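Reading through the structure tokens given below for one structure.
The values are calculated or read from the model by the stated rules, or taken from the named source; none is laboratory data. Computed from a prediction, not measured in an experiment: that's the story for all the values here. Note that we place each Cβ from the backbone using ideal geometry, even for glycine, and neighbour counts take in every protein chain shown.
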Amino acid sequence: MSLPASLPDWAIEAEGLYKTYAATKTTPAKTALNGIDLKIPRGSIFGLLGPNGAGKSTYINTLSGLVRKSAGTVKIWGMDIDSHPRDARAAIGVVAQEIVADVFFTPRESLETQAGLFGVPPHERRTAELLAAVGLTEQAEAYVRQLSGGMKRRLMVAKAMTHNPPVLILDEPTAGVDVASPSSSPPTIWRRRRSSATPSPSSTAARWWPASRRRNCCAGWTPAPW
């Protein structure tokens, strides 16, 4: 990944961002993003709050390159997703709302494979460190299919960090996680924030984020009180 010569002021920049899904035989055209202007500072923690269908996942999928925007500009870590798509995608790690993992792999194999897909050399991989960070060291050699739902969710967080992206996005990070687990997840996020990374949780409810750590709410959606 070709990083900018200096650290950018903004981790994520979106200007005039529109996304309209085309009409089908049974449904009319739907505008999911209606002129979003949003800049998230480097090193901050930024939460997107909104009801189901508000466009949070569409926004995240646009940032990661899974959804093609209808109009506007987007930059990840100073790199335009249109003119520098590979670098922009390498600068972002996304924890998807759905569990995406090969059930016949172990957590260790899952992280090693993910790192390989991003071209991380074997000597630079942080598999053991990431497994420890999400509390899966003891399950490192178990099959993913044997993990609980909460453990699988934590594995998704570790997978998103295998290539050490400066920007980390979590889409509904607490879905399926037991009550005790969220209290052990934020410290990893705080450490990434101190290292200039920018985690951006997206959720319909973010009550588990401590008030002292909350920075902002949402743009383009009706703000909800913290």
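Summary of computed values
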| item | result |
| --- | --- |
| Residues within the stretch 31-47 that are farther than 16 Å from W10 by Cβ and in a strand (DSSP E or B), tallied | 5 |
| Test: residue in the stretch 75-88 that is touching a residue at least 12 places away in the same chain (Cβ under 8 Å), exposed (fewer than 14 other Cβ atoms within 10 Å of the Cβ), of a type in the set (F, W, Y) and part of a loop (DSSP other than H, G, I, E, B) | no |
| Cβ pairs under 7 Å, 6+ apart, first in the stretch 13-39 and under 14 Å from A54 (Cα atoms) and free of Cβ contacts under 8 Å to residues at least 24 places away in the same chain, second surrounded by 14 or more Cβ atoms within 10 Å (Cβ to Cβ) and of a type in the set (K, R) | Y21/K30 |
| Counted residues, the stretch 19-58 - those being of a type in the set (V, I, T) and surrounded by 11 or more Cβ atoms within 10 Å (Cβ to Cβ) | 6 |
| Of all residues in the stretch 89-101 being touching a strand residue (DSSP E or B) at 6+ places or on another chain (Cβ under 7 Å) and of a type in the set (A, V, I, L, M), the one that is surrounded by the fewest Cβ atoms within 10 Å (Cβ to Cβ) | A96 |
| Criterion violated by G16 - all others in (1) loosely packed, with under 14 Cβ neighbours inside 10 Å; (2) at negative phi; (3) outside any loop (DSSP other than H, G, I, E, B) satisfied | (2) |
| Restricting the stretch 102-119 to residues that are at pLDDT 95 or above and among the aliphatic types (A, V, I, L, M), the residue that is surrounded by the fewest Cβ atoms within 10 Å (Cβ to Cβ) | A115 |
| Complete set of residues in the stretch 116-147 that are under 20 Å from the mean Cα position of the chain (by Cα), part of a helix (DSSP H, G or I) and not polar (S, T, N, Q) | G116, L117, E129, L130, L131, A132, A133 |
